[in-house]
1. Determine if region 122-141 includes at least one residue that is within 13 Å of the ligand (Cβ to nearest atom), touching a residue at least 60 places away in the same chain (Cβ under 8 Å) and part of a loop (DSSP other than H, G, I, E, B).
2. Within region 130-145, count every residue that is surrounded by 14 or more Cβ atoms within 10 Å (Cβ to Cβ) and within 28 Å of residue 167 (Cα to Cα).
3. Tell me which residues, restricted to region 1-45, are in a loop (DSSP other than H, G, I, E, B) and within 10 Å of the chain's Cα centre (by Cα).
4. What pairs can you find where one residue is in region 45-57 and closer than 10 Å to residue 102 by Cα and within 7 Å of the ligand (Cβ to nearest atom), the other is modelled with pLDDT of 95 or more and part of a strand (DSSP E or B), and their Cβ atoms are less than 8 Å apart, with a gap of 6+ or different chains?
5. Being over 21 Å from residue 147 (Cα atoms) and either within 9 Å of the ligand (Cβ to nearest atom) or in a strand (DSSP E or B) (or both) is the filter here, so list the residues in region 88-110 that pass it.
6. Name the single residue that is surrounded by the most Cβ atoms within 10 Å (Cβ to Cβ) among those in region 63-83 being more than 9 Å from the ligand (Cβ to nearest atom) and assigned to a helix (DSSP H, G or I).
7. Any residue in region 144-155 that is at positive phi and assigned to a loop (DSSP other than H, G, I, E, B) sitting within a Cβ distance under 8 Å of a residue that is surrounded by 15 or more Cβ atoms within 10 Å (Cβ to Cβ) and at pLDDT 95 or above? List the pairs, counting only those 6 or more apart or interchain.
8. Would region 41-52 turn up any residue that is more than 23 Å from residue 148 (Cα to Cα) and out of contact with any strand residue (DSSP E or B) (no Cβ under 6 Å at 6 or more places or on another chain)?
Ligand SMILES: Cc1cc2nc3c(=O)[nH]c(=O)nc-3n(C[C@H](O)[C@H](O)[C@H](O)COP(=O)(O)O)c2cc1C
């Protein structure tokens, strides 16, 4: 499970999906795991917030950095490598994979999973299911990690993870 997250919402969804997938699931942000480490995995799940109807870009992250943070506000994590760059660097191979994003409800809430899925396919990955979006309510001022998630989204994420476990095929036995 690899994610990028500025205010902890995508990170919280990633942990909930991982809980559904089972105890052997490792959860890491893009700065904690190198793309080459995906080799040999049973399943790679990747997620990011939607920015500008696509994945975060250097520009979207920089624009967040330019905002002033008021008293008691949580600074965004701007240091994690962009998921789009991380994904472009994974070794090509027939890895099983799935995508998720965090997004607002409505017209703007798209472009995250579709971009992740395009990048995964470019690297030769096989998608085990359709990507899923988890809903956030955008806040002007963020005071707490993961505080934008709509109620019920973490349970939905855990259930989605449990479903993924069923869908991912174990690798064929050798010999
Ligand atoms: C620069 C920027 C652009 C955004 N653009 C969109 C968008 O186009 N569509 C959308 O659904 N949400 C958009 N959002 C809201 C993010 O999806 C939301 O901040 C994110 O899900 C929070 O997750 P995180 O705490 O893991 O970063 C945007 C947020 C930022 C900071």
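The values are calculated or read from the model by the stated rules, or taken from the named source; none is laboratory data. This structure is a prediction, so every number in the text was calculated from the model and none was measured. Cβ placement follows ideal geometry from the backbone for every residue including glycine, while neighbour counts extend to all protein chains displayed.
1. Looking through region 122-141, at least one residue is within 13 Å of the ligand (Cβ to nearest atom), touching a residue at least 60 places away in the same chain (Cβ under 8 Å) and part of a loop (DSSP other than H, G, I, E, B).
2. Qualifying residue count, region 130-145: 6.
3. Once the filter is applied, which keeps residues that are in a loop (DSSP other than H, G, I, E, B) and within 10 Å of the chain's Cα centre (by Cα), region 1-45 yields 1, 4, 5, 30.
4. Listed by first residue and then by second, the contacts come to 49/101; 49/102; 49/103; 49/136; 50/101; 50/102; 50/103; 50/133.
5. Here is the first cut: in region 88-110, the residues over 21 Å from residue 147 (Cα atoms) are 88-99, 107.
Passing the criteria: 96, 97, 98, 99, 107.
6. First, the residues of region 63-83 that are more than 9 Å from the ligand (Cβ to nearest atom): 65-66, 68-75, 78-83.
Then keep just the ones that are assigned to a helix (DSSP H, G or I); that gives 65-66, 83.
On the way: 65: 11, 66: 6, 83: 27.
Top of the filtered list is 83.
7. Every condition considered, the pairs that remain are 146/7; 146/8; 146/9; 146/11; 146/12.
8. Initially, region 41-52 is screened for residues more than 23 Å from residue 148 (Cα to Cα), giving 41-44.
Still in the list and also out of contact with any strand residue (DSSP E or B) (no Cβ under 6 Å at 6 or more places or on another chain): 41-42.
Yes, some residue in region 41-52 is more than 23 Å from residue 148 (Cα to Cα) and out of contact with any strand residue (DSSP E or B) (no Cβ under 6 Å at 6 or more places or on another chain).
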